[in-house]
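For reference, the structure discussed in these notes is given below.
The values are calculated or read from the model by the stated rules, or taken from the named source; none is laboratory data. Values in this document were obtained by computation on a predicted structure and should not be read as measured data. No Cβ is skipped: glycine too gets one built from the backbone with ideal geometry, and neighbour counts run over all protein chains shown.
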Amino acid sequence: DAMVIQNPRYQVTQFGKPVTLSCSQTLNHNVMYWYQQKSSQAPKLLFHYYDKDFNNEADTPDNFQSRRPNTSFCFLDIRSPGLGDAAMYLCATSRAHSGSYEQYFGPGTRLTVT
Amino acid sequence: GDSVTQMEGPVTLSEEAFLTINCTYTATGYPSLFWYVQYPGEGLQLLLKATKADDKGSNKGFEATYRKETTSFHLEKGSVQVSDSAVYFCALSDPGANSKLTFGKGITLSVRP
């Protein structure tokens, strides 16, 4: 089945220690998104790639970076995680100009900062 | 800007009860509308969608109709099950915005046996 895969499902990192979360997709979608979701809140968009073009949200901290080496993979780098960065991180994909605009989400990575 | 407003929660129902979750929106363009469901510890799953006025999206017994005149997209199910317990998000996507989603706050549904 075509899908969005996130690894790992659970990640523990130490305060200030860089961490990378990964996302891959077999849907061949050209848009990939990263969201941060804290408890009992809606997902908050951090940034997205439209093909190779990176689009950062205005309020995304500089501590968060992303890479998309090819169509299938996208990475979220947190350079110096703080306690406030503990959250669920969701990757999603969509096919731009498909006419329906829905996004397909991965299962998420739960990040704990100790 | 675009926004989505969902009714306040949480909602607790008995099994086989009727469910309505209200959702209204404001948008500058002609959006597509979605309901996503999130089970505990999981990502979001697309439950149903509608892309134009009077469209009815349906899936797994859930329905929602795109009402342009009232800018609403209320979610309904005739008979809920314990397995429907989850968080439900209403969302819209404005054309030309790279498919970016605007979410409502979400509402937690708990169904008792």
**Report entry** Single match in B:Lys77, B:Lys105, B:Lys52, B:Lys68 (criterion: surrounded by fewer than 16 Cβ atoms within 10 Å (Cβ to Cβ), in contact with a strand residue (DSSP E or B) (Cβ under 9 Å, 6 or more places away or on another chain) and of a type in the set (D, E, K, R))
**Finding:** B:Lys52
Report task. Determine whether the stretch B:26-33 contains at least one residue that is touching a residue at least 24 places away in the same chain (Cβ under 8 Å), of a type in the set (S, T, N, Q), under 19 Å from A:Tyr104 (Cβ atoms) and crowded, with 17+ Cβ neighbours inside 10 Å. Result -> yes
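Residue-wise test of (1) touching a Lys or Arg at 6+ places or on another chain (Cβ under 8 Å); (2) small (Gly, Ala, Ser); (3) within 11 Å of chain B (Cβ to nearest Cβ); (4) within 30 Å of B:Pro10 (Cβ to Cβ).
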site	(1), (2), (3), (4)
A:Asn7	no, no, no, no
A:His29	yes, no, yes, no
A:Gln37	yes, no, yes, yes
A:Arg67	no, no, no, no
Report task. Check the stretch A:2-22 and report whether any residue there is modelled with pLDDT of 95 or more, over 18 Å from A:Phe64 (Cα atoms), in a strand (DSSP E or B) and of a type in the set (A, V, I, L, M, F, W, C). Result -> yes
Report summary line: Going through the stretch A:87-109 in order, the residues found to be surrounded by fewer than 23 Cβ atoms within 10 Å (Cβ to Cβ) and either free of Cβ contacts under 8 Å to residues at least 40 places away in the same chain or acidic (Asp, Glu) (or both) are A:His97, A:Ser98, A:Gly99, A:Ser100, A:Glu102
Requested in this report: Would you check if A:Ser40 is of a type outside the set (Phe, Trp, Tyr) and without any contact (Cβ under 8 Å) to a residue 40 or more places away in the chain?
Outcome: yes
Query raised in the report: among the polar types (S, T, N, Q), within 9 Å of chain A (Cβ to nearest Cβ) and farther than 13 Å from B:Asp2 by Cα - does that describe any residue in the stretch B:41-60?
Result: yes
Requested in this report: Among the residues of the stretch B:81-102, write down those that are modelled with pLDDT of 95 or more and buried (at least 22 other Cβ atoms within 10 Å of the Cβ).
Outcome: B:Tyr88, B:Phe89, B:Cys90, B:Ala91
**Report entry** Set A:Asp85, A:Asp51, A:Asp77, A:Asp62: member being within 14 Å of another protein chain (Cβ to nearest Cβ) and charged (D, E, K, R)
**Finding:** A:Asp51
